[in-house]
Structures are given as structure tokens and as C-alpha cells.
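Working notes, structure below.
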Amino acid sequence: MNIISLKSPGLAHLSYLVSSKQEAAVIDPRRDVLEYVRICKDRGLNLKYVLETHRNEDYVSGALELADALGAEVYHGEQLDFAYGNPLSDGQVLKLGNLKIKALHTPGHTIESFCYLVEEKKGPVALFTGDSLFVGEVGRTDLSGEGVWKELSEKLFHSIQEKILPLGDSVMIFPGHGAGSVCGHAIAEREISTIGLEKRDNPLLRLVKEDFVQHKITEKMDRAAYFRVMEEMNLNGPPSMPSFPGIKRISSQELIKHQQQGALVLDARYPQSFAAAHIPGALNIMKDGIASYGGFVIAPGSRMVLVTVDAREAEEAAIFLMRMGFDDVLGHLNNGMESWIKEGRPLQSLGLLSPKELNDMIEAGEPPLIIDVRDEQERSEGIISGAVAVSLESILSGNAAIDGEREAVYYCASGYRGSTAASIMKARGHLRSTVLLGGIGAWIKAGFPILQSDEI
Ligand SMILES: [Fe+2]
């Protein structure tokens, strides 16, 4: 048996290619499927199955595209009415080379969640757990709505305790996400585990049912607007990925025309570059942040023009966007900001503060408005004195009551979301929008104090 893990950074999504005797199965493929196709071709593998652990909500599934490309069969849980693929029932066995793959219905994260147990002759070896069980964490149970949150939390408890843990301590675990995913707060850095290690180290597996359910139904996790779009697409069969590689180069003139027609100018450079000079009205989401929180900020269906350092970065950003179903990337600004600046076109900038500069202002008794855009969980670890919590959602929706006349400094953990928030407010006419460079992480490293959660 051979297992290859393929990771999509940002989304922290993990997919797997399992093979035995020249037969292969892919579990939870991402939308751009060329890498799986390449591996199968290079190794002479016949792709037999594409197995989905559940109807994913944070990325577009590549199941249909991959199955079509290589003639495989798609399988997913029978409890949802998928418009494509084959329904699986609990305990169903699929043969793959010398292996048996046993489908285990493990409801909880979603009603139709399945885990796939791979068995060799001597017994079970590996379990692909999807979003049921992560390393150090368990799956979210809130995504199907308040009405079934408790019921799904109870189901997850039973799935883990009665179906997964009894499989044996030596069984390896391959989860659907790693650290940094929006699908779990406390996913560990290590991406492979065993049931034995999880029993030893995963604190949620030691809770009695009542405490487990209580923990799950009081979790506060953000839900991005694009999740609903992904759920629809992945249930009904996602559209093919737009042609790639290479996205169109767009001139300044064309960019202006697209912007006038409502396209979003998405500037994917670092906050400090964006702050120095950007196109008026542009939204700043650093390229590596697109996959992790772009879906929270960009409205589904948005048409976009990218501004990046170079064409390669534009292609990477476009792939991150397409993995989340944002297909209307019109192109990227040819030669980035350099040509725009040389052509003498209008520019805007954001204020920047270092931790020391902000601290000096606070000590001088003249602090700006200090706005913390992190989520509740992050804030519970401490905030900068005097900071007000304002979510990115309320900044986006225009519901945040921020005094546009005062200087406002935005911060997050590292400065990226702070810059996104400041770019939104600047585009809305808050001319004194400023970013704390490096966020609260740099603030702490510089030795300045934070208020702990019980002091807030
Ligand atoms: Fe999920």
C-alpha cells in the first residue's frame, strides 16, 4: 500500500491518493486535479475510486472532474441526495488491489459524513477521517444550522467513541484538514496520527458525552458567506475548473474600465507594499491569506482584477480563488503597480504604525481608535489595552460604528486581516485608516503589554 498526501495551503485541506497493485483511490480531491492525474500517469495507476468523506463546505470538490478525467467512480454518503456519483451505505466494502476499503458512516460534522478504513490482510491500517476527527481536535457541528447543532454534536460523540476509537490504537489517522483550517480551532501541527495517539493527546476524546456536547454547542467559529455556495456546488456537481495555467494580463486602462463596471480590484501584495501605494478602492488580501480568509471577505460571484508583484503570484492567487469557487478572475494588472505608478495614475496609501509608535501614542495619552478584527477565540488570549473588537463581517457589511474623523488603527494576529479591514474602510472614505504592522504578534514580541481575557 502507498499513501500520498496532497495539501492545499491556506485552506489547510488534505487530500490523499491511496494505491495498491496499480489501483488507486483519491480521497477528497481539490478542484485543480492535475496533480492527481500526473501522479496516476507517472506511476501507471488506474484510478478506480474517488471517495468523498462528506459534502465539503470550504472548497470546491474536484471529485467529478477527476473521475471524468480518469474514468473513476465517485462515492459519497447515501444520506444526502447528491446529483452525481454513487451512494454509500454503512459498512460497504470496496476492493482496491490487495486492500479492502470499508466505508463507515460517522455522522456529526455533517449528517452524511463517512470515514474510510483501509484494511490489509492482517487487519485495519489507516483511517481517512475527513472532518470527523482531526489531530488534536474534532470536526465542527454548527454548519448545518442551530436546529440540529446539538443533535449533530451528540452524533459526533457516538461516531468517535463507538465507531472510530474501537478500531484499534495502531490504526493511522489521515484527517481532512491540518492546522490553520477554518474547520477546527485547535488542530495540531502534526498532520498524521494514530487512534492511540489521539486517545492519549486529544482532550476532546476524554470528555463525557454531556461535556463534549456542551463544548461543541458553545464553540464560536466564523462561517464564511461562500460556504453556502460550496455546499450547493458540491451537492449538485461543481462546474469544471476554468482553463489554466496563465491568466490574462490587463492594462491600466482595462483595469479602470472593469473597476467602473463593478469589478473588485484585489491587491494581493504584502500590507506594507499595499499601504505605501495602491489603486484607490482596492481591497488588500495578501496572497497567502486568500485561501484562509478571502472567502469571508469577498462576496460570492465577485468579478475581480488582481494586483500582484508578478504574474506567478497572480496565478497562485487565481488558483486559491478558484479552489473556493471564485471563477471570475478577469486578469491581473500587467507589470503590477510599477506601470500604474509610471503612468501617473491616482494612488492611495494607508497609514502604518509600528508597535512602538502605537505604544508612544497610548503613553502620551493620545491614542488612536484601536480596532481588533480577530475572532472571539483569538481575543480571549489577550488584547491591546483600549482596543475595541470589531469583526471583519461588520466592517464589510458597514454595520461597524467607527468614527471616520479619527485615526483608526486596525490589528489582527499578524497584520494581514488588519490591512484588509483598513483597506475596506479607506475605500469607504475613512481617510485616516491605519494598520498596526505585524499585528498583536509583533506588539507582544516588542515587549508591550496585553490585557488577558479576565481583565477585558
Ligand atoms: Fe467539512
Please give every one of the lysines within straight-line cross-link reach of Lys342, meaning a C-alpha to C-alpha distance under 28 Å, and leave out same-chain neighbours fewer than 8 residues apart. Lys248, Lys257, Lys287, Lys426
Just to confirm my numbers, what's the Cα centroid distance between the stretch 144-205 and the stretch 391-420 in Å? 34
Unit charges at the beta carbon, dipole of the chain: most positive-side option, Thr218, Ala69, Thr53: Ala69
Assertion target for Arg312, Arg417, Arg303, ordered by fewest C-beta neighbours within 10 angstrom first, is Arg312, Arg303, Arg417
Computed for the chain: size of charge dipole around the Cα centre, +1 on C-beta of each Lys and Arg, -1 on C-beta of each Asp and Glu, debye to nearest 20, value 1060
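Under the rule of -39500 (n - 2.57) per DSSP H run of 4 or more residues, summed and divided by the residues of the chain, what mean residue ellipticity at 222 nm is obtained, to the nearest 500 deg cm²/dmol?
Rounded to the nearest 500, it is -7500 deg cm²/dmol.
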A correct fewest-to-most ranking of His158, His13, His185, His332 by other Cβ atoms within 10 Å would be His158, His185, His13, His332
Return a single number: how many Lys pairs in the stretch 79-180, at a sequence separation of 8 or more or on separate chains, have alpha-carbon atoms below 19 angstrom apart. 9
Size of the chain along its principal axes in angstrom, Cα-based, largest extent first? 70, 52, 36
Once the other residues with Cβ under 10 Å from the Cβ of Leu17 are scored (Lys, Arg +1; Asp, Glu -1), what is the net sum? 0
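Tell me the relative contact order for the stretch 305-428 as a rounded percent, counting alpha carbon contacts under 8 Å between residues six or more apart.
On the way: 111 pairs, mean separation 25.9, N = 124.
Answer for the stretch 305-428 is 21 percent.
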Over all directions, what mean area does the Cα convex hull of the stretch 1-157 project, stated in square nanometres? 9.2
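Within 11 Å, Cβ to Cβ, of Gly62, how many net charges do the neighbouring residues add up to if Lys/Arg are +1 and Asp/Glu are -1? Provide the component values of the computation, followed by the final result.
Numbers: positive: Arg30, Arg31, Arg323; negative: Asp28, Asp32, Glu35, Glu52, Glu65, Asp68.
Local charge sum for Gly62: -3.
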Answer with one residue from Ser397, Leu152, Gln260: the one whose Cα lies farthest towards the positive end of the charge dipole of the chain, charges on Cβ with Lys, Arg +1 and Asp, Glu -1. Gln260
Among Pro355, His332, Ser132 the positive-end extreme of the charge dipole of the chain (Cβ point charges): His332
How much net charge surrounds Ala126 when only other residues with a Cβ under 15 Å from its Cβ are counted (Lys, Arg +1; Asp, Glu -1)? -2
Please give the Cα centre distance for the stretch 58-128 versus the stretch 219-289, rounded to the nearest Å. 32
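Every number here is computed from the coordinates shown, using simple stated rules; none is lab data. Bear in mind that the values here come from a model prediction, so they are computed numbers and not experimental data. Here Cβ is always computed from backbone atoms with ideal geometry, including for glycine, and neighbour counts include all displayed protein chains.
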